Structure formats: C-alpha cells, structure tokens
Amino acid sequence: VNILEGEYLYQIGDEKRTFKTGDTIFIPRGTPHAFLHLGEGTGRKLSMYQPANNIEEMFRKVGQIKERTLENVQAAMKVNNSKVVGGLLKAD
C-alpha cells in the first residue's frame with residue numbers, strides 16, 4: 001500500500017501504526033488488517049495485490065451493497081476467500 005495523500009491508521013495483526021503521505025506498507029498475505037482515514041480532507045492510497053485472485057470482483061460486490069451489514073459484507077468478500085475478522089477500527 002502506498003499512501004498518496006492524507007494520514008491513515010492501520011492495524012496489521014495486533015500492531016497499530018499511523019502512516020502519512022509517502023509511506024509504504026507491506027501486509028503479508030493472510031494477515032488480518034484494517035485501516036481508517038484520519039483527519040479532515042481527502043485520503044488516497046494505492047493498494048497492490050499479488051496474486052490478485054478475485055480482489056476486483058470482491059471490491060465490486062462490496063461497492064454494490066445496498067444495506068451495509070456485517071452479513072452482506074461477509075457474503076461479498078467470500079468471492080475472494082476474504083472475511084471480516086473484527087469490529088470497526090477506531091482511533092484511540
């Protein structure tokens with residue numbers, strides 16, 4: 001992940017860290033992770049996946065969800081063998 005603009009809080013496994021514009025983050029395959037854009041304004045990041053598997057289809061399905069419930073998100077993520085493993089990430 002490349003942070004292109006803004007500041008983000010990432011939780012990767014059990015570790016929480018803040019990343020800002022210009023930072024690069026490596027998340028090993030299969031590692032539970034979450035992120036939260038911090039502050040006002042725009043946040044932009046570039047994520048790369050290797051192998052990509054069905055990640056595009058997963059994001060497409062998540063983006064089409066009308067009612068964003070945990071069950072609906074889990075169902076959409078299943079196409080990429082991904083799942084939600086915790087609650088929402090919150091800034092301390």
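The values are calculated or read from the model by the stated rules, or taken from the named source; none is laboratory data. The structure presented is a predicted model; accordingly, all values stated were derived computationally and were not measured. Glycine also receives a Cβ, built like all others from the backbone with ideal geometry; neighbour counts cover every protein chain displayed. Side chains are part of the model used for accessible areas, which takes the heavy atoms of the whole protein and leaves out ligands, DNA and RNA. Shrake-Rupley method; radii C 1.70, N 1.55, O 1.52, S 1.80 Å.
With just the Cα atoms defining each centre, how far is the range 1-26 from the range 73-91? Give it in Å. If we compute the Cα centre of each part, the gap is 19 Å. Remark: accessible surface ordering of Phe59, Phe19, Phe26 (largest first) is Phe26, Phe59, Phe19, probe radius 1.4 Å. Taking all Cα-Cα distances within the range 1-62, those exceeding 18 Å account for 40%.
Taking the Cα centre as origin and putting +1 on Lys and Arg beta-carbons and -1 on Asp and Glu beta-carbons, what dipole magnitude results for the chain, to the nearest 20 debye?
Numbers: 13 positive and 11 negative charges, 50 e Å.
In total the dipole reaches around 240 debye.
Among the trypsin sites (Lys or Arg not before Pro) in the range 21-51, which ones are in a DSSP loop with at most 15 other Cβ atoms within 10 Å of the Cβ? Mind listing them? Listed in order of number, the matching sites are Arg29.
Hydrodynamic estimate: the Kirkwood radius of the range 28-89 over Cα pairs, inserted into Stokes-Einstein at 37 °C and 0.692 mPa s, corresponds to D of 248 µm²/s.
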